[in-house]
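Everything on this sheet refers to the single structure shown next.
The values are calculated or read from the model by the stated rules, or taken from the named source; none is laboratory data. What you see is a predicted model, and the numbers here were worked out from it, not measured in a lab. Neighbour counts run over all protein chains shown; Cβ positions are idealised from the backbone, glycine included. When the accessible area is computed, the model is the full protein with side chains, heavy atoms only, and any ligands, DNA or RNA have been set aside. Shrake-Rupley method; radii C 1.70, N 1.55, O 1.52, S 1.80 Å.
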Amino acid sequence: MERGYVLGISCGYHDAAASLIKDGKVLGACEEERFTGIKHDSSFPINTINWLIEEFDVKSNELEAICFYENPELKLDRIKASTKKGGWKYFFSRLKIISSNKKAYKNTILQLEGLRGSNTKLVYCDHHLSHLAYSYYTSPFESSALLSVDGVGEWETTSLAKASSGIEKIGSVKFPHSLGMLYSTFTAFLGFKPNEGEYKVMGLAPYGDPSKYLKKFQELYTTTKDGGFELNMDYFTYEYSTNSMFNEKLSQLFELPNRLPEDKLEQTHKDIAASLQQIYEFLFFRLLASLYKHTRSENLCLSGGCAYNGTANGKILKRTKFKNLYIPPAPSDAGSAIGCALHYEYSTPRDRVDNSNPFLGPSFTTDDILAALEIYKKDVWFEKKLHEQITKIVAGEIVDGNVIGWVEGRMEFGARALGNRSILANPRDGQMKSRLNRVIKKREGFRPFAPMVKEEESSIYFDYNDTVPYMNQVVKVRNEHKDNLPAITHVDDSARIQTVNRKQHRRMYQLLERLQLINEYPLVINTSFNLKDQTMVLTPLDAIKTFLNCEMDTLVINNYVVKKKII
């Protein structure tokens, strides 16, 4: 019997996304924010779904199943139970939270039902099982230990599992005890937006002294014999409040008020970030030790929103007994749109399919490029070049200090630009980090930039021997090279690397080869093609608009080199 298409959907909290799968192969996937321009858009991903159905010409009678990334009924049970802990002071707030969640899930279910064909199944997956399935079924491993660390799903915040032919959970941490919520609480305490600003806190941590607030952080948790932990909920309000994550006791413990977004970043804030990262790693590595003890597997698949903590990730192979690590390109809720669908696909035994390709989003045609250039013909001029010419031109401009916007092929899935929607620059330029943050990305000056490097030569420049194709691990720059790579070397001599081979990205690999010839290093700064508070560019039109709205020097769209007209 021929299997039909499977549609996977995640939405309602943050990073809404949808995927389409056939015979175990992920045909397409994209975050809804790429269509709407709303960062971390949580809304029902109708634009993504419409694109998938149109792009792959899916008829309703060909849709075998629609999979949702979590169980709404169980999640509502948890919300009802946890909001009781707010007591009478939060009585009316509790009613409002429950009512709004009921309404939201009812609307989501109605939208899911509206997509069904006459024979389409509607399947609700467990939240953490969606995370685990995404990491395992897109990994190269036949058997593996699995860890999902998140804010919260239905009741679980962390899930430990093992997999061979299927996935078996072997342990968990339950709400309200959550590494993700701990990190998000201090993201808010430090004046950044939870579920968005955690990477800023991680970037800030190397500027601080982790010992200064370590004892105060130790008041916030206790460890358990099974390798888990429990948080001291006297300091937190996220169980029963949607307006705040902590109470005044947290400020009293740390002897300073929480930072407001417009406040200056002081050394104390950097020290708190440093201590937070150290405590996160302490609890995280206890979980990994427990997981290895139960599985004895040399392979580890990591997922959940906390799998974006590249600083911790980069230490796993050195600090644990795991020898092989896989982290997918979109480990947070967006990736669960793929995970829930793959879990359904592999719920009946079948041969595994290679799903390592991260370029799963929309592409564009030459006509799309020319139409966009026509719209902006008063502002830009362009030339079409041969592929070989493009590589030489861009490498030369990078060495000369120019900043390049690079757009080609299908959109990457996940938070990191991996070479199809990227901004490229010279990692050897000592002023480049400041310039990119100030006038291109228009963001905080402490934020580091990531290098793309040839896979087979990565260990020459970085103290790390594994591949990192999805830019999700922070590792040390080797001492003999850090002075020559000032734009990508963070204050603690680290860098979040992306390794590239010829098969993964032919044009980027050839650009790195060219840079090695003329710049001595097969490296380039690679950051996402967007400005502060904007989403990554999707179309040629988006790319040209962004190009004109910042001090980028050159734009490359496929084989078209675009420059601004001097007025």
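If you plug the beta carbon distance of Met233 and Asp533 into 1/(1 + (r/R0)^6) with R0 = 30 Å, you get a FRET efficiency near 0.40. Taking the 1.4 Å solvent-accessible surface of the stretch 366-439 as the whole, the part contributed by carbon and sulfur is 49%.
Quick one: with all protein chains in place, what share of the accessible area of the stretch 29-153 is carbon or sulfur, to the nearest percent (1.4 Å probe)?
Looking at the stretch 29-153 in its full context, I get 53 percent from C and S.
In sequence order, the stretch 215-220 has phi-based couplings of 5, 5, 5, 5, 6, 8 Hz under the Karplus curve 6.51 cos²θ - 1.76 cosθ + 1.60, θ = phi - 60°, and Gly or Pro positions carry x. Residue pairs exceeding 27 angstrom between C-alpha atoms, taken from Lys270/Lys482; Lys377/Lys441; Lys59/Lys503; Lys392/Lys564; Lys103/Lys545; Lys225/Lys321: Lys59/Lys503; Lys103/Lys545.
Treating r as the C-beta distance of Ser165 and Leu74 and R0 as 22 Å, the FRET efficiency rounds to 0.30. Other residues whose C-beta falls under 13 angstrom from the C-beta of Ser422 contribute a net charge of +2, scoring Lys and Arg +1 and Asp and Glu -1. With the cut-off at 1.5 for a/c, could you classify the stretch 141-226 from its C-alpha gyration tensor as rounded, prolate or oblate? It comes out prolate by the Cα gyration axes. Stretched out straight at 0.36 nm per residue, the stretch from Leu386 to Phe446 would grow longer than its current Cα-Cα span by 17.8 nm. Measuring between alpha carbons in the structure, the pairs from Lys378/Lys532; Lys212/Lys315; Lys378/Lys433 lying more than 28 angstrom apart are Lys378/Lys433.
Scanning the chain for long hydrophobic helices, with DSSP H runs required to stretch 30 angstrom or more by C-alpha along their axis and to average at least -1.0 on the Kyte-Doolittle scale, returns 91-114, 267-295. For the stretch 149-166, 3J(HN,Hα) computed residue by residue from phi via the Karplus equation (6.51, -1.76, 1.60; θ = phi - 60°) reads 10, 9, x, 6, x, 6, 10, 6, 10, 9, 9, 9, 8, 9, 8, 9, 7, x Hz, glycine and proline entered as x.
Here's the picture: a label point sits 7 Å out from the Cα of Val491 along the beta-carbon direction, and within the stretch 247-273 the residues with their amide nitrogen under 19 Å of it are 259-273.
Positive end of the dipole of the stretch 274-415 (Cβ unit charges, origin at the Cα centre): among His343, Phe284, Asn402, the Cα lying farthest that way belongs to Phe284. Each other residue within a Cβ distance under 11 Å of Ala330 adds +1 if Lys or Arg and -1 if Asp or Glu, for a net charge of -3. Which residues in the stretch 251-267 place their backbone N less than 19 Å from a point set 7 Å from the Cα of Lys39 along the Cα-to-Cβ direction? Those under the cut-off are 259-265. Think of the chain as having a plus end and a minus end, set by charges on the Cβ of Lys, Arg, Asp and Glu; of Met411, Asn47, Thr489, Thr489 sits farthest toward the positive end of this dipole. Dipole size of the chain about its Cα centre, with +1 on Lys/Arg Cβ and -1 on Asp/Glu Cβ: approximately 760 debye, rounded to the nearest 20. Between Ala330, Gln389, Ile316, the Cα set farthest toward the positive side of the dipole of the stretch 315-394 (charges on each charged residue's Cβ, about the Cα centre) is that of Ile316. Taken per residue, the accessible surface of the stretch 38-182 reaches 46 Å², heavy atoms only and a 1.4 Å probe. In plain terms, the chain is cut at each of the GluC sites (Glu not before Pro) found in a DSSP loop with at most 15 other Cβ atoms within 10 Å, and the longest leftover piece is 299-443. Cys residues of the chain that find no other Cys beta carbon under 4.7 Å: Cys11, Cys30, Cys301, Cys306, Cys550. Beta bridges from DSSP with both residues in the chain: antiparallel share about 70 percent, rounded to the nearest 5. Accessible surface area normalised per residue over the stretch 466-538 is 38 Å², counting heavy atoms of protein chains with a 1.4 Å rolling probe.
Along the stretch 31-44 the Karplus relation, 6.51 cos²θ - 1.76 cosθ + 1.60 evaluated at θ = phi - 60°, assigns HN-Hα couplings of 7, 4, 4, 5, 8, 8, x, 9, 4, 6, 3, 9, 5, 3 Hz to successive residues, with x for each Gly and Pro. Residues of the stretch 523-557 with backbone nitrogen within less than 16 Å of a virtual label 7 Å along the Cα-to-Cβ line of Gln431, please, listed as ranges. So the set is 551-553.
Here's how it looks for Ser178: its modeled amide H is under 5 Å from those of Leu231, which are all 5 or more places away or on a different chain.
Calculate, in nm to one decimal, what Gln278 and Lys377 gain on full extension: separation in residues at 0.36 nm each, minus their alpha carbon distance.
Details: separation 99, 0.36 × 99 = 35.64 nm, distance 5.19 nm.
Additional length available on full extension: 30.4 nm.
If we count every other residue with Cβ under 14 angstrom of Asn519's Cβ, Lys/Arg +1 and Asp/Glu -1, where does the sum land? Local net charge: -2. Would you work out if the stretch 393-507 is rounded, prolate or oblate? Take a ≥ b ≥ c from the square roots of the eigenvalues of the alpha-carbon gyration tensor; rounded if a/c is under 1.5, else prolate when a/b is larger than b/c, oblate otherwise. Here the stretch 393-507 falls in the rounded category.
Listed by chain and number, the lysines whose C-alpha is less than 23 Å from the C-alpha of Lys96, apart from same-chain residues fewer than 8 away, are Lys75, Lys80, Lys84, Lys85, Lys106, Lys193.
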